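The values are calculated or read from the model by the stated rules, or taken from the named source; none is laboratory data. Predicted model, so just to flag it, every value in this text is computed and none were measured. In this analysis, Cβ positions are derived from the backbone assuming ideal geometry, glycine residues included, and neighbour counts consider all displayed protein chains. Ligands, DNA and RNA are excluded from the accessible area calculation, which covers all protein heavy atoms including side chains. Shrake-Rupley method; radii C 1.70, N 1.55, O 1.52, S 1.80 Å.
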Amino acid sequence: MIIKNNLELILKTIPNGCKLIAVSKTHSAEKIAEAYHAGQRLFGENKVQELVAKYEILPKDIEWHVIGHLQSNKVKYIAPFVNLIHSVDSFKLLQEIDKQGIKNQRIISCLLQIHVAQEETKFGFAPQEAEDLLSNPILATLKATRIKGIMGMASFTDNSEQIRNEFRILKNLFEKLKMQELPSNVSMEELSMGMSNDYELALEEGSNMIRVGSAIFGNRN
Ligand SMILES: *Cc1c(COP(=O)(O)O)cnc(C)c1O
């Protein structure tokens, strides 16, 4: 009941056309099933092994999103079914995703993760690196990959002006890339930003995809 209420509360506040990814990492399949029965279909995980285990036992109309750092040697396990990889942080990873997409005869959708936070530990491209990659002709050689937008995380801080500024950097980059001439396997549709503590700010700054975990499922251990 709590999960259903949490979902309803969040859905009430987000605009039409904004997607809610329920981040279920560390939470049980039972809790995911509870959210599923409340109507939720988009779930995000950050560990490949955990994701595959949940995929196998849960309904097949769930859309699974990878939101955490992904190692190239693990792409093969999720390539048959993953819906969107939010956390592409290198060209090498993109090449491996493409290879596995070809093997599985499917197009794998991705977002480029952009580093805007002050923490040094966060993965991702600097905004300029993303621009450079998207204007590099080598992208057109990828046959089974589609880049659909960008993802980013704000700093872990209670300074909401700083968070807002970081979201603004992401939104500006998103709009700039939209105007850029892009290869046919790239389209700027999704701006994935906002988590439990900052999704309201992210929505105000133009997010159209939020990734919310603890505000739905409760705290992780
Ligand atoms: C864990 C995680 C989330 C969700 O975090 P909450 O604070 O629980 O909402 C969103 N995005 C990424 C990349 C994460 O790793």
* Extreme residue, least open to solvent (accessible area, probe 1.4 Å), among residues of region 69-108 that are of a type in the set (D, E, K, R) and more than 23 Å from residue 22 (Cα to Cα) -> 98
* Positions within region 203-221 being of a type in the set (A, V, I, L, M, F, W, C) and either more than 9 Å from the ligand (Cβ to nearest atom) or surrounded by 21 or more Cβ atoms within 10 Å (Cβ to Cβ) (or both), in sequence order -> 203, 209, 210, 212, 216, 217
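Table: residues versus (1) more than 16 Å from the ligand (Cβ to nearest atom); (2) of a type outside the set (S, T, N, Q); (3) within 19 Å of the chain's Cα centre (by Cα).
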position: 25; (1), (2), (3): no, yes, yes
position: 76; (1), (2), (3): yes, yes, yes
position: 83; (1), (2), (3): no, no, yes
position: 97; (1), (2), (3): yes, yes, yes
position: 115; (1), (2), (3): no, yes, yes
position: 129; (1), (2), (3): yes, yes, yes
* Asked: Condition test on residue 200, is it away from the ligand (no atom under 16 Å from the Cβ) and under 30 Å from residue 9 (Cβ atoms)?
  -> no
* Asked: Out of region 27-51, which residues are open to solvent by 30 Å² or more (accessible area, probe 1.4 Å) and either away from the ligand (no atom under 13 Å from the Cβ) or more than 25 Å from residue 89 (Cβ to Cβ) (or both)?
  -> 28, 30, 31, 34, 36, 37, 38, 39, 41, 49
* Within region 124-169, track down each residue that is hydrophobic (A, V, I, L, M, F, W, C), touching a helix residue (DSSP H, G or I) at 6+ places or on another chain (Cβ under 8 Å) and either surrounded by fewer than 18 Cβ atoms within 10 Å (Cβ to Cβ) or not in a loop (DSSP other than H, G, I, E, B) (or both). => 125, 130, 133, 134, 138, 139, 147, 150, 163, 167, 169
* **Every pair of residues 6+ apart whose Cβ atoms lie under 6 Å, when the first sits in region 190-217 and is closer than 18 Å to residue 157 by Cβ while the second is of a type in the set (Lys, Arg) and open to solvent by less than 20 Å² (accessible area, probe 1.4 Å)** => 195/211
* Tell me which residues, restricted to region 170-183, are farther than 14 Å from residue 204 by Cβ, open to solvent by 30 Å² or more (accessible area, probe 1.4 Å) and in a helix (DSSP H, G or I). => 172, 175, 176, 178, 179
* Leading residue by the ranking (modelled with the lowest pLDDT) among those in region 53-68 that are within 16 Å of the ligand (Cβ to nearest atom) and buried (at least 16 other Cβ atoms within 10 Å of the Cβ) -> 68
* Asked: Does residue 175 fit the bill of being more than 16 Å from the ligand (Cβ to nearest atom), farther than 19 Å from residue 159 by Cβ, of a type in the set (Asp, Glu) and under 17 Å from the mean Cα position of the chain (by Cα)?
  -> no
